[in-house]
Amino acid sequence: MKIVVMCGIGLGTSAILKVNAERALDRLGIEASVQATDVAGVRAAAADAQVILTSSELVDAIGKTNADVIVINNYFDVDELVAKLEVALGS
């Protein structure tokens, strides 16, 4: 399984979201590859992704995708990530 985390320029916030997404997946007992990207690289990165995690401001930049797009309100809130990933991944 592949999960893509996206931020505006692919540096700080995507790294934070990547680490916390990995923590959330560990809590759920789900193995997945988590890749950080920016707006410019999201289409290529998400081509084979099951889930894209991003902020509400960036959803429109994703374009057409087969992945589930999950809006994260607080990148530091691992509990939010756990809850939203659990629903999306049906675990």
So how strong a dipole does the range 2-89 carry about its Cα centre when Lys and Arg Cβ are +1 and Asp and Glu Cβ are -1, to the nearest 20 debye? 200
Answer with one residue from 20, 34, 45: the one whose Cα lies farthest towards the positive end of the charge dipole of the chain, charges on Cβ with Lys, Arg +1 and Asp, Glu -1. 45
Roughly speaking, what is the centre-to-centre gap between the range 4-42 and the range 54-91 when only Cα atoms are used, to the nearest Å? 10
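Tally up the carbon and sulfur contribution to the accessible surface of the chain as a whole percent, 1.4 Å probe, everything protein left in place. List each step's numbers first, then the result.
On the way: 2450 of 4850 Å².
That share works out to 50 percent.
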Where Lys and Arg each count +1 and Asp and Glu each count -1, what net charge lies around residue 26 among other residues with Cβ under 14 Å from its Cβ? -1
Cut-off 14 Å, label point 7 angstrom out along Cα-to-Cβ of residue 61: give me the residues of the range 1-38 whose amide nitrogen falls inside. 5-15, 36-38
For residue 61, what charge total do you get from the other residues with a beta carbon under 15 Å from its beta carbon, if Lys and Arg give +1 and Asp and Glu give -1? -1
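The values are calculated or read from the model by the stated rules, or taken from the named source; none is laboratory data. Please read all numbers here as calculations on a predicted model, not as lab measurements. Glycine also receives a Cβ, built like all others from the backbone with ideal geometry; neighbour counts cover every protein chain displayed. We work out accessible area using only protein heavy atoms, side chains counted, and drop any ligands, DNA or RNA first. Shrake-Rupley method; radii C 1.70, N 1.55, O 1.52, S 1.80 Å.
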